[in-house]
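The values are calculated or read from the model by the stated rules, or taken from the named source; none is laboratory data. Everything numeric here is computed off the predicted structure, so don't read it as measured data. Here the Cβ positions follow ideal geometry from the backbone for every residue, glycine too, while neighbour counts run over all protein chains shown.
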Amino acid sequence: MHLLTGRSSRATSCPAQLLSRGTPAPPRPAAVHDQVNLLLLPILGGLTIAGLTGHVAPELVTHLFLGYVLADMAWVFLIPDAVPSLPGVILLHHFVTACLLCIPLRYPHLHTYTCIDGLVELNTFFLIARRQCHSLRKFFSLAYWGSFVPMRLVVYPALVPVFLSEMRAARAGWWDTLVCVGAQVVLTCFNIMLLALSLMNRSKRRSEASAADAKGGGGGAKLAAAGRLRPGSDGVVDGMIKAAPGGSVESGEVRLRARAV
């Protein structure tokens, strides 16, 4: 859940790769946030699938998801550097999500929808894994975009009328209905904004690369090798969905990434 011109996300490896390099430099707060989510998100994603298939009680998934969102919201509130830019936007996203997760606590028959909405965390995992595991970047990029459209652009808007129907059938009060349906609408708009910003950022990067090459000497290729203009990267989406390491790029990291490229 990073933005327009925020500091770029440039971690260099998966957790296992970090362990194999001896003693690394102290990780930045955003890098730690990424590593923790690489561990937690597959668990949450697995729980949503288990809840949908009847192997785990959906109400347990709701409680665990709510605990995760509140904990992550507290993390970002206390350490804004856990995200590269605009932590307020991420806090707002988490607040809306927490409000939506409270609805099944009042209307238990809606717990299953937590599992449906929660499948999006698998998409978020692919996003973080894409930027952290450079050796598998192409695979995770395909997995990310392949799941982005159905999860964020199909399921989320499709659930808006479903939630309205469910709340009417339960004869819920206007406030509960507003929170439930309104929160889903806000999250849907958030997903559409992610897509729009991603496409704008991709177009801008391509224009900058073309301009750099036109001015001579393959400048675009040099920027890509330095990690500032990596082909296929998506700084906007990386920035908005989950925390990414910020700050300047050390020369040693640049050389390492250039060799990896």
Flag for Pro161 being more than 25 Å from His63 (Cβ to Cβ) and at pLDDT 95 or above: yes
Under 8 Å between Cβ atoms, which residue pairs at least 6 apart in sequence (or on different chains) link something in the range 40-52 that is farther than 17 Å from Thr112 by Cα with a partner that is at pLDDT below 95 and aliphatic (A, V, I, L, M)? Leu41/Ile128
Suppose we filter Ala226, Ala209 for residues that are over 17 Å from the mean Cα position of the chain (by Cα) and at pLDDT below 55; which single one remains? Ala226
What are the residues in the range 125-143 that are under 21 Å from Leu194 (Cα atoms) and surrounded by fewer than 22 Cβ atoms within 10 Å (Cβ to Cβ), if any? Phe126, Arg137, Lys138, Phe139, Phe140, Ser141, Leu142, Ala143
Within the range 56-87, which residues are of a type outside the set (A, V, I, L, M, F, W, C) and within 15 Å of the chain's Cα centre (by Cα)? Tyr68, Asp72, Pro84, Ser85, Pro87
One residue is enough: does the range 4-25 have a residue meeting the conditions farther than 22 Å from Phe126 by Cβ, modelled with pLDDT of 85 or more and either within 19 Å of the chain's Cα centre (by Cα) or buried (at least 16 other Cβ atoms within 10 Å of the Cβ) (or both)? no
